[in-house]
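Let me begin by presenting the structure, written as structure tokens, before commenting on it.
The values are calculated or read from the model by the stated rules, or taken from the named source; none is laboratory data. Owing to the predicted nature of the structure, the values given are computational and were not obtained by experimental measurement. Counting neighbours? That spans all protein chains shown, and the Cβs are built from the backbone with ideal geometry, glycine included.
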Amino acid sequence: MNAGQQTSILIIYTGGTIGMIRNAETGALESFDFNHLLANVPELKQLNVNIGTITFTPPIDSSDMEPTLWARIVRIIEENYDKYDGFVILHGTDTMSFTASALSFMLEDLMKPVVLTGSQLPIGTLRTDGKENLITAIEIAAAKAADGTPMVPEVCVFFQDKLMRGNRTTKVNSESFGAFDSNNYPPLAMAGTDIQFYTRNIKKYVPGLKLKPHYEYNSNIIIFSLFPGIQQEVVEQVLLSKELKGVIFRTYGAGNAPQKKWLIDVLSKATAEGKIIINITQCAGGSVHMERYETGLQLLEAGVTSGHDSTVEAAITKLMYLLGKDLPPEEIRRRMSISFAGEISV
Ligand code: ASP
């Protein structure tokens, strides 16, 4: 948009607690319509921002989020990209980090803010966190640098007082207002009396880049976590299943697994069949270093690929996205090891 014009933000309302109301009969929270949500935030009129809205009909609990719905969000952003300065996506907290991660890969060369937020309490209730989250997310999406370029031209999550890179976030608490964290990457901004942006942590704006939306994915994959006592037969059934294309393999510590010959044999067989096995740690923070211990090295030798310091959410959505491109296994392994949207530190 041109200098001097009012900033325009598109709110995409997908559902989640932020817009829910309590069913008087069952007591359970149910999705409700967007007008109810807007009516409860009259403060929006005070923002010096033009607000457009698009809502999912019906709005969904984010447990029902699906790759087809990610594609719908990408389509909405693509179709409205030139009309708006930024986008705010209202989303349930349960799968918000998966959606934020998926969008960071599907919106290649994004140069406008896409801020996801939601809340732990519905917006019409006392003590709701939804109002603050929504208002601040809009302010962040509308924020511009002195030269008129967007402050945060990337997919991010705003919650409570912290703006985080979307593909670095994980939901860490089902009750606290600080529901999200980004253990392996520092915040992009903090909201106190002012919003303080940490520009060194934020993706750089590159003039002239055109958005490249992606829609393909393949979700014939699984997240598979190690535990002491894991059984050969079950592992074989899962990892050697015919339809399986890839595995996010959650190992111990710096990427270690028990030294059992059968386990290494199954992993070697699966990778030889062209399955992509990505090693990420079960720890909440830190990175995989398979060369550090004998228990990690054996995985490297079995053809397992390092997922570095990726979150589960970023690893699974990136693998879905790459498998959707029908690339040879070696190329997918190579691309899993490099950063596309700041999702890993390499
Ligand atoms: N179940 C809700 C959802 O993810 C939880 C929330 O929004 O906080 O849609």
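Here is how the numbers come out for the structure above:
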quantity	calculated
Conditions (1) under 16 Å from residue 293 (Cβ atoms); (2) surrounded by 15 or more Cβ atoms within 10 Å (Cβ to Cβ); (3) over 25 Å from the mean Cα position of the chain (by Cα): number failed by residue 236	(1)
Residue 71, sole failed condition from (1) within 13 Å of the ligand (Cβ to nearest atom); (2) in a helix (DSSP H, G or I)	(1)
Residue in region 95-107 that is over 11 Å from the mean Cα position of the chain (by Cα), more than 23 Å from residue 212 (Cα to Cα) and not acidic (Asp, Glu) present	no
Every pair of residues 6+ apart whose Cβ atoms lie under 8 Å, when the first sits in region 257-283 and is of a type in the set (D, E, K, R) while the second is surrounded by 19 or more Cβ atoms within 10 Å (Cβ to Cβ) and assigned to a strand (DSSP E or B)	275/246; 275/247
Verdict on residue 188 being without any contact (Cβ under 8 Å) to a residue 60 or more places away in the chain, within 16 Å of the ligand (Cβ to nearest atom) and among the aliphatic types (A, V, I, L, M)	no
Meets criteria (touching a Ser or Thr at 6+ places or on another chain (Cβ under 9 Å), within 22 Å of residue 136 (Cβ to Cβ) and of a type in the set (D, E, K, R)) for residue 61	no
Members of region 126-161 that are polar (S, T, N, Q), in a loop (DSSP other than H, G, I, E, B) and within 21 Å of the chain's Cα centre (by Cα)	160
Test: residue in region 162-182 that is part of a loop (DSSP other than H, G, I, E, B), in contact (Cβ under 8 Å) with a residue 12 or more places away in the chain and over 24 Å from residue 135 (Cβ atoms)	no
Filter result (touching a Gly at 6+ places or on another chain (Cβ under 9 Å) and assigned to a strand (DSSP E or B)) within region 193-242	221, 222
Filtered residues of region 21-64 (kept if more than 15 Å from the ligand (Cβ to nearest atom), in contact (Cβ under 8 Å) with a residue 60 or more places away in the chain and not in a helix (DSSP H, G or I))	40, 41, 47, 49, 51
Breaking point among (1) more than 20 Å from residue 73 (Cα to Cα); (2) assigned to a loop (DSSP other than H, G, I, E, B); (3) modelled with pLDDT of 95 or more; (4) not acidic (Asp, Glu), for residue 123	(3)
Matching residues in region 83-97 - criterion: being crowded, with 24+ Cβ neighbours inside 10 Å and either within 12 Å of the ligand (Cβ to nearest atom) or not hydrophobic (A, V, I, L, M, F, W, C) (or both)	86, 90, 91, 92, 96, 97
So residue 275, is it within 12 Å of residue 302 (Cβ to Cβ) and of a type outside the set (Phe, Trp, Tyr)	yes
Restricting region 112-151 to residues that are away from the ligand (no atom under 15 Å from the Cβ) and small (Gly, Ala, Ser), the residue that is surrounded by the fewest Cβ atoms within 10 Å (Cβ to Cβ)	146
Inter-residue pairs, beta-carbon under 6 Å, first among the charged types (D, E, K, R) and in region 211-227, second modelled with pLDDT of 95 or more, 6+ apart	212/108; 212/109; 216/324
Any chance residue 197 is within 16 Å of the ligand (Cβ to nearest atom) and of a type in the set (Phe, Trp, Tyr)	no
Tally, over region 1-29, of residues that are surrounded by fewer than 13 Cβ atoms within 10 Å (Cβ to Cβ) and not β-branched (Val, Ile, Thr)	10
